[in-house]
Amino acid sequence: MSTPRISIVVPMYNEEENLPELHTRLAKALAGMDPEGEIVYVDDGSTDGTNQQLQTLLQEPQPVCVRAVALPRRRGKTAALSAGFAVARGSILVTTDADLQEPPEVLPMLVARVQSGEAHLVVAWRQQRQDSPFRVFASRVFNTVLRWLTDLPLHDVNCGTKAMKREVAESLAGWMFSDMHRYLPVLAARMGYRVVEVPVPHVVRRRGRSRFGASRYLRAVVDLFPISLMWWRGWAVWLALAAVSVVLQAMRSPLGAVGLAAIVWLGIAVAFWLRRNQT
Ligand code: UDP
Ligand code: MG
């Protein structure tokens, strides 16, 4: 078996409705780029027929190498990606979601930017996003906060479609816990890798529904705490809050104690949260 240049890693939780079309289109896109390439499907403890469908795919003749990893229970998108990265053999690792919202036909464009040496990591930018107005708004706020924190000119840090050099994925391995998949491009940039974005078309999710509930927003905020401490502006925010609380406390305002207690509690909660998610 020759070594693939490109590995496409797809995390999947209950995506049986999307898998047939996804596989046909992904295999075609990959065969055009690298006939020796591989698709690594990671079943994140699905409770529908995803796993059975994968077993069937593995038994049929395929135009590209197809591999499957099954997690014994649902562990979330970050853990699923991490499991895929651990077995992927390519020198370029591509990730995409199973829901076909970013057409698989855009993948060669992302890979070309990595292959040319222009970037170590390329992240897709859903310029005309086809999600609910609330989600589009939340994403704008998220990306604006990250641009302010990091000074990186990125607009869609959490897009699931990315291509990166293998060494980037290896460097990110220590950050693959909780829902840190949201922050991979900024983490890679902080490590010194060149990160660029490319606009891609976006379509509505035609089958199945989003696998993340409202808890995604809470987790994004909790995960932002350790991320924020990688840039001086993050430290500045927390130190400013602490300083304001100390001053209020000195002025005998009850808000001071509340502020200090909130900062201490947030620190403790985040430490436990991260530990729990590392297992
Ligand atoms: N996913 C996963 N485990 C989870 C949640 C999601 O493997 O716990 C997969 C999901 O099947 C999809 C990708 O991660 O392939 C992105 O999920 P989704 O499209 O539901 O997220 P959204 O687009 O709503 O952010
Ligand atoms: Mg989606």
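The values are calculated or read from the model by the stated rules, or taken from the named source; none is laboratory data. This structure is a prediction, so every number in the text was calculated from the model and none was measured. Ideal geometry is used to build each Cβ from the backbone, glycine not excepted, and the neighbour counts take in all protein chains shown.
Taking residue 182 as the residue in question, decide whether it is closer than 20 Å to residue 142 by Cα, part of a helix (DSSP H, G or I), in contact with an Asp or Glu (Cβ under 6 Å, 6 or more places away or on another chain) and charged (D, E, K, R).
So residue 182 does not fit the description; no.
For residues in segment 87-119 being free of Cβ contacts under 8 Å to residues at least 60 places away in the same chain and on the phi < 0 side of the Ramachandran plot, which is surrounded by the most Cβ atoms within 10 Å (Cβ to Cβ)?
For segment 87-119, the residue satisfying everything is 114.
Filter segment 145-175 down to the residues that are part of a loop (DSSP other than H, G, I, E, B) and hydrophobic (A, V, I, L, M, F, W, C) and list them by number.
Selection gives 152, 154, 157, 159.
Looking at (1) touching a Pro at 6+ places or on another chain (Cβ under 9 Å); (2) in contact (Cβ under 8 Å) with a residue 60 or more places away in the chain, which one does residue 154 not meet, given that it meets all the others?
(2) is the only condition that residue 154 fails.
When the residues of segment 152-181 are narrowed to those that are at pLDDT 95 or above and polar (S, T, N, Q), which ends up farthest from ligand 1 (Cβ to nearest atom)?
Among them, the one singled out is 171.
Of all residues in segment 1-15, which are surrounded by fewer than 21 Cβ atoms within 10 Å (Cβ to Cβ) and either free of Cβ contacts under 8 Å to residues at least 40 places away in the same chain or not in a loop (DSSP other than H, G, I, E, B) (or both)?
The answer is 2, and nothing else.
Would it be correct to say that residue 45 is modelled with pLDDT of 95 or more, more than 16 Å from ligand 1 (Cβ to nearest atom) and among the small types (Gly, Ala, Ser)?
Here the answer is no, as residue 45 does not meet what is asked.
In this structure, does residue 180 turn out to be within 14 Å of the chain's Cα centre (by Cα), over 24 Å from residue 219 (Cα atoms), crowded, with 21+ Cβ neighbours inside 10 Å and aliphatic (A, V, I, L, M)?
For residue 180, the condition - within 14 Å of the chain's Cα centre (by Cα), over 24 Å from residue 219 (Cα atoms), crowded, with 21+ Cβ neighbours inside 10 Å and aliphatic (A, V, I, L, M) - is not met.
Among the residues of segment 65-82, are any away from ligand 2 (no atom under 16 Å from the Cβ), under 13 Å from the mean Cα position of the chain (by Cα) and farther than 24 Å from residue 207 by Cα?
Yes, because at least one residue in segment 65-82 is away from ligand 2 (no atom under 16 Å from the Cβ), under 13 Å from the mean Cα position of the chain (by Cα) and farther than 24 Å from residue 207 by Cα.
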